[in-house]
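Worksheet for the structure shown next.
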């Protein structure tokens, strides 16, 4: 990396870090109820202290981890499948994770939803991976079409589970499905944040391999990377992130498409800058969306998933109309 | 040192694209693979760089079976230019050219200066989607030649190139190197002039092999290429003239 691009890399990452920090602080400060410094760091337990450490702080961490994770996975799937439309939601991976989580919730085992959703996301990606290989050749086309079919099938399955579930749980299930951060617990938020962080660090170490894979399977092979094996490893990492984020916050769509596309406008397609920028961008966007969602018609909440869809879908259609793939 | 195919059969989608090919490419030579469309030229090269898996037989590079090479090590021994670009992300050209060197832009610029006939520096600031067919070919060749790998495998290297660039490339390939140069070519005149050895394929089978003057006969042109032609050899370039062509 030359001097110019290194400087640009640093500038962009600094800007991303600043935006993220501001959004994070905003999410902590804004909201119903007054919370002062003494509440946050004071020794005695006050209502403010409980609100801050049990509600607002975990919620901000969850929003950041979920947004960052989804943007990261979106970028990685788009590169490894070389398709601008690739996204955990479009491929049905999120739907699979949702089936797992909804099943756990409907059965009254909310604590199991992480395990359930990660496993079902992984099963979905492994299935798609199998479908995508036609006679040993990887077909992005097949993968995306299979993803569409899987999404419909699994959405139907989710619907059936919701219908059959105990009516007292139905409203909560539906709200969760629309995507939001209102039913969090500290432990699972911590697990989600730590694992998203681990996957992000691993992907950063593999940034040059991601560049190579983004050039095409044959080109990657020529440069000494075995594309199928590496793609499967990426799928595993992606399934972990998608499973955790969906179990944490339900269906938050379009972050995985919106953020990487905007990030590429600034930093181009190489992953060294793209990945951290997506992480910061996804976290920032989701933090802002969640802060807005819980304050604008307070004390009621708008599901964050609706907000990101309202923002993301028109942008996505605009990109599609301009015909600018990446 | 050599690059050997031993009884190699490759099937794709149930069809044989190469059948029991025995052939050795020697180091120090420019070898051409020729044959009509669909005869298996590209499949043969792809088998040599391991992108197509062998169903029967084996490929041996420098006394080691291809499958036993570490992928990175293999990539440093082979400089490969595939025939077409695949759909990919819209990289900037300097980034693409640096990929074979692990992203090292300064070494990439030194190497580009060495490969001056490709005029790569004029493309640095553009992206893949902004290039013409010929410019893309220059980038693919640049990537293949970037590492100074001992063996070069180039599939239709002068396709899309203007004449001056194409001839400069073919002259560049004549320079002595540790390994050898393997080219798939559809133009027999180019093949005859620039290759010391030819392998002729038809329907995935080896039909003939040897120095161009021995291999390219009117009978072979008729049976393999469906051409009724007279051949005139000269000591001056282009060396071979195919005269009085009638397609039969």
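Residues considered: A:32, A:117, A:79. Largest GNM mean-square fluctuation over chain A, using C-alpha springs under 10 Å, is found at A:32. Does segment A:67-322 come out rounded, prolate or oblate, given a ≥ b ≥ c as the square roots of the eigenvalues of its C-alpha gyration tensor, rounded meaning a/c under 1.5 and, failing that, prolate meaning a/b above b/c? Taking the square roots of the gyration eigenvalues as a ≥ b ≥ c, segment A:67-322 is prolate. Of the beta bridges DSSP finds with both residues in the protein assembly as shown, what % are antiparallel, to the nearest 5? Antiparallel: roughly 65 percent of the beta bridges in the protein assembly as shown.
Evaluated at q = 0.12, 0.14, 0.21, 0.27 Å⁻¹, a Debye calculation over the C-alpha positions of segment A:89-143 (equal weights, vacuum) places log10 I(q)/I(0) at -0.33, -0.42, -0.70, -0.92. Could you tell me how many degrees, from 0 to 90 and to the nearest 10, lie between the Cα long axis of helix B:163-173 and the main elongation axis, the longest principal axis, of the Cα atoms of chain B? For helix B:163-173, the angle is close to 90 degrees.
Springs join every pair of Cα atoms under 10 Å in this Gaussian network model of chain B, and among B:210, B:32, B:102 the largest mean-square fluctuation is at B:102. To test your reading of the geometry: what angle, between 0 and 90 degrees and rounded to tens, separates the Cα axis of helix A:113-132 from the longest principal axis of chain A? Orientation of helix A:113-132: about 20 degrees from the principal axis.
Partner shielding of B:100-113 amounts to 2, given as the average count of beta-carbon atoms from other chains within 10 Å of each residue beta-carbon. Taken over the C-alpha atoms, the protein assembly as shown has Rg and Dmax values of 28.8, 102 angstrom. By the equivalent-ellipsoid construction on the alpha carbon gyration tensor, segment A:54-123 comes out with semi-axes of 24, 18, 8 Å, ordered largest to smallest. Footprinting exposure proxy ranking of A:89, A:41, fewest other C-beta atoms within 10 angstrom first, gives A:41, A:89.
Taking the number of Cβ atoms within 10 Å of each Cβ as an exposure proxy, the fewest-first ranking of A:119, A:252, A:201, B:93 is A:201, A:119, B:93, A:252. Spatially, segment B:159-231 and segment A:147-210 are offset by 58 Å when compared through their Cα centroids. Residues B:145, A:91, A:107, A:47 in ascending order of nearby Cβ atoms (within 10 Å, fewest first): A:47, A:107, B:145, A:91.
Note: relative contact order over segment B:50-183, using C-alpha pairs below 8 Å and six or more positions apart, is 29 percent.
What whole number of Å gives the distance from the Cα centroid of segment B:91-117 to the Cα centroid of segment A:71-98? A separation of 31 Å, based on Cα centres.
Here segment A:261-326 has an Rg and Dmax of 14.3, 43 Å, counting Cα atoms alone.
In chain B, Cα pairs under 8 Å separated by at least six residues give a relative contact order of 25 percent. Every Cα-Cα pair of segment B:23-76 was included, and the share exceeding 15 Å stands at 54 percent. Computed on the Cα trace of segment B:109-204, the radius of gyration divided by the Kirkwood hydrodynamic radius gives Rg/Rh = 0.97. Would you mind checking the tilt of helix A:271-295 against the longest principal axis of the Cα atoms of chain A, expressed as 0 to 90 degrees and rounded to 10? The angle comes out at about 30 degrees. Here the relative contact order of chain A, from alpha carbon pairs under 8 Å that lie six or more residues apart, stands at 31 percent.
Using a 10 Å cut-off on Cβ to Cβ distances, tally the other chain neighbours for every residue of A:222-232 and report the average as a whole number.
4
Largest GNM mean-square fluctuation across B:117, B:225, B:91, computed for chain B with C-alpha springs under 10 Å, falls on B:91.
When a/c reaches 1.5 or more, the comparison of a/b and b/c decides; with that in mind, is segment B:2-247 rounded, prolate or oblate per its Cα gyration tensor?
oblate
Peptide A:207-216 has a mean shielding of 4, counted as Cβ atoms of other protein chains within 10 Å of each residue's Cβ.
Each DSSP beta bridge with both residues in segment B:89-248 is either parallel or antiparallel, and the antiparallel ones are about 75%.
Here, each number is a calculation from the coordinates, and none is a lab measurement. For clarity, every value in this text was computed on a predicted model and none was experimentally measured. FYI the Cβ positions are ideal-geometry reconstructions off the backbone, even for glycines, and counts take in every protein chain you see.
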